[in-house]
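Trainee: Sharing a structure, written as structure tokens. Questions coming.
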Amino acid sequence: MDSMPPRINLPAVPLPDAAAAPSRAPLLPERSDFLEGDAPAAARVEAFLAHALEATGSDAPTTAGALVPWICDALLSNHSVKAYGRDLMDFLRQMQAQGVTPLEVTADHVRLYKRALLEAGRTSATVARRLSVLRGTYKQLAAKGLVSWETAQDIAAVKAPGVQKNSTPSLTQRQAIALLETIPSDTLQGMRDLALMSVFFLTGCRVSAVVAACVGHLETDGVEHYLHVTEKRNRKRRKILLDAARPVRAYLERAGIGDDKEGPLFRPMRPDGTGLERRHLDRKTPWRLVKKYCEAAGIDPTRMGGRGIGIHSLRKTAINDAIRNGATMHEVREFAGHADIRTTEVYFVRKEEDAEVAARRIHIRVTGRKGE
């Protein structure tokens, strides 16, 4: 009988150091106290970042100073600056809770943050946006010599979840008309809301352009009425109002603000409902109104798509309606103010019957054979 082979004692392999990998901590509740107000100037951005970074134990003024020029140069709208700030501050608060300063962050911290966001139910678009903010932030910190380029490149390599381009749902023409018809026109608030929704449907403007408009931005040549708006990248544009002119004029007359050229065009109601306050609507009011009037028209705003019906749906509806009624893609690109026609094409919701419509535009027809 063969004897058993001698036992070989292998050297013990040390377990991986638990501290080598960042611990997974639950997400802290989000806060939205980044630069409340309408005009986050460079000094305010830097002051807020420096104050927010103080608690992290890092060189706050240096870190904040490295980011401010880039933020103010790359993000052209106040809304974008504030959105960027909220995303960055949320990440830094999560790191602070784990005892990690901004300059100690690694790609592993970012990966675990991404996983925590997904597990908390954040949408792929939200996670992708926040990762984009972190990529830009650490690229700038590397350019200023505050972190290594290897760290910035590792963070940039963290893969973002796939995002469906322009997933905002749009309304059909009949749904858009039903929404407008459900708005009461016998009260000041109803007249304001009808004018506001009509402007969105007929101009295809972004919400920031409409809520920032003043009474003096209205113009007429005696035949048509126009609204001058400031669009993305501070581009000045004149938008024809067409059928939206009538509800806008009726609203101005009822509100008695037609001569207040420097005052806001669309204003919030006073708390007691007796009139309007002399200030611009906030961006969230039109969003809430779309939801409200969708429901009044029997349209469930939560069942129209992954993101649900929102104020941007009105812009997408206008673009699609223009195309389906014969406007060319180049005409609609100019109407929408898109820098690239490919963006306009993404907005267009294609349908199966589009192929049949295209076929009917072909004029290859046999009218009769020679000699017959």
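The values are calculated or read from the model by the stated rules, or taken from the named source; none is laboratory data. Bear in mind that the values here come from a model prediction, so they are computed numbers and not experimental data. Reconstructed Cβ throughout: ideal geometry from the backbone, glycine too, with neighbour counts over all protein chains shown. Accessible surface areas use protein heavy atoms only, side chains included; no ligands, DNA or RNA. Shrake-Rupley method; radii C 1.70, N 1.55, O 1.52, S 1.80 Å.
Trainee: Please work out which one of (1) of a type outside the set (D, E); (2) closer than 16 Å to P286 by Cβ; (3) open to solvent by 30 Å² or more (accessible area, probe 1.4 Å) is the condition L218 fails and give its number.
Mentor: Of everything listed in (1) of a type outside the set (D, E); (2) closer than 16 Å to P286 by Cβ; (3) open to solvent by 30 Å² or more (accessible area, probe 1.4 Å), L218 misses just condition (2).
Conditions tested, residue by residue: (1) closer than 30 Å to Y84 by Cβ; (2) surrounded by fewer than 19 Cβ atoms within 10 Å (Cβ to Cβ); (3) touching a strand residue (DSSP E or B) at 6+ places or on another chain (Cβ under 8 Å).
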| position | (1), (2), (3) |
| --- | --- |
| T137 | yes, no, no |
| D154 | yes, yes, no |
| Q175 | no, yes, no |
| G190 | no, yes, no |
| S198 | no, no, no |
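Trainee: Let me ask you something else. Might you check whether a residue that is closer than 22 Å to I71 by Cα, part of a helix (DSSP H, G or I) and open to solvent by less than 20 Å² (accessible area, probe 1.4 Å) occurs anywhere in the range 110-124?
Mentor: Yes; the residues of the range 110-124 include at least one that is closer than 22 Å to I71 by Cα, part of a helix (DSSP H, G or I) and open to solvent by less than 20 Å² (accessible area, probe 1.4 Å).
Trainee: Looking at (1) over 29 Å from C72 (Cβ atoms); (2) surrounded by 15 or more Cβ atoms within 10 Å (Cβ to Cβ), which is the one condition that is false for E231?
Mentor: For E231, the failing item is (1).
Trainee: Of everything in the range 235-253, what is surrounded by fewer than 19 Cβ atoms within 10 Å (Cβ to Cβ) and either under 20 Å from D186 (Cβ atoms) or at pLDDT 95 or above (or both)? Give them in sequence order. If you could, list the steps in order and put the result at the bottom.
Mentor: Of the range 235-253, the ones surrounded by fewer than 19 Cβ atoms within 10 Å (Cβ to Cβ) are 235-238, 240, 242-243, 246, 249-250, 253.
Selection gives D243, R246, R249, A250, E253.
Trainee: The conditions are (1) open to solvent by less than 10 Å² (accessible area, probe 1.4 Å); (2) not in a helix (DSSP H, G or I), and V127 fails exactly one of them. Which is it?
Mentor: Going through the list (1) open to solvent by less than 10 Å² (accessible area, probe 1.4 Å); (2) not in a helix (DSSP H, G or I), V127 breaks only (2).
Trainee: Please pick out the residue among G85, G136 that is touching a residue at least 60 places away in the same chain (Cβ under 8 Å) and closer than 25 Å to A47 by Cβ. I'd like the intermediate steps shown before the answer.
Mentor: Values: G85 fails: touching a residue at least 60 places away in the same chain (Cβ under 8 Å).
Among G85, G136, only G136 is touching a residue at least 60 places away in the same chain (Cβ under 8 Å) and closer than 25 Å to A47 by Cβ.
Trainee: Shifting gears a bit: Here is a check on your reading of the model: is P184 open to solvent by less than 50 Å² (accessible area, probe 1.4 Å) and either touching a helix residue (DSSP H, G or I) at 6+ places or on another chain (Cβ under 8 Å) or hydroxyl-bearing (S, T, Y) (or both)?
Mentor: Values: open to solvent by less than 50 Å² (accessible area, probe 1.4 Å): no; either touching a helix residue (DSSP H, G or I) at 6+ places or on another chain (Cβ under 8 Å) or hydroxyl-bearing (S, T, Y) (or both): yes.
For P184, the condition - open to solvent by less than 50 Å² (accessible area, probe 1.4 Å) and either touching a helix residue (DSSP H, G or I) at 6+ places or on another chain (Cβ under 8 Å) or hydroxyl-bearing (S, T, Y) (or both) - is not met.
The rows are residues; the columns are (1) within 27 Å of R350 (Cα to Cα); (2) in contact with a strand residue (DSSP E or B) (Cβ under 6 Å, 6 or more places away or on another chain); (3) hydrophobic (A, V, I, L, M, F, W, C).
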{"site": "K261", "(1), (2), (3)": "no, no, no"}
{"site": "E277", "(1), (2), (3)": "no, no, no"}
{"site": "K284", "(1), (2), (3)": "no, no, no"}
{"site": "K291", "(1), (2), (3)": "yes, no, no"}
{"site": "G298", "(1), (2), (3)": "yes, no, no"}
{"site": "I309", "(1), (2), (3)": "yes, no, yes"}
{"site": "H330", "(1), (2), (3)": "yes, no, no"}
{"site": "F335", "(1), (2), (3)": "yes, no, yes"}
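Residues are listed down the side, and each one gets a yes or a no for (1) touching a residue at least 60 places away in the same chain (Cβ under 8 Å); (2) out of contact with any Phe, Trp or Tyr (no Cβ under 7 Å at 6 or more places or on another chain); (3) open to solvent by less than 50 Å² (accessible area, probe 1.4 Å):
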site	(1), (2), (3)
G256	no, yes, no
K261	no, yes, no
P264	no, yes, yes
R270	no, yes, no
L281	yes, no, yes
L289	yes, yes, yes
K292	no, yes, no
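Trainee: Among the residues of the range 304-325 satisfying the criterion of being modelled with pLDDT under 85 and among the small types (G, A, S), which is least open to solvent (accessible area, probe 1.4 Å)? If you could, list the steps in order and put the result at the bottom.
Mentor: First, the residues of the range 304-325 that are modelled with pLDDT under 85: 304-308.
Of the ones still in play, those that are also among the small types (G, A, S) are 305-306, 308.
Values: G305: 31, G306: 90, G308: 8 Å².
Once the filter is applied, the top-ranked residue is G308.
Trainee: List every residue pair whose Cβ atoms lie under 8 Å apart, where the two residues are 6 or more positions apart in sequence or sit on different chains, the first residue falls within the range 178-195 and is touching a residue at least 12 places away in the same chain (Cβ under 8 Å), and the second residue, located anywhere, is of a type in the set (K, R) and surrounded by 15 or more Cβ atoms within 10 Å (Cβ to Cβ).
Mentor: So the pair list comes out as L188/R254; M191/R254; R192/R267.
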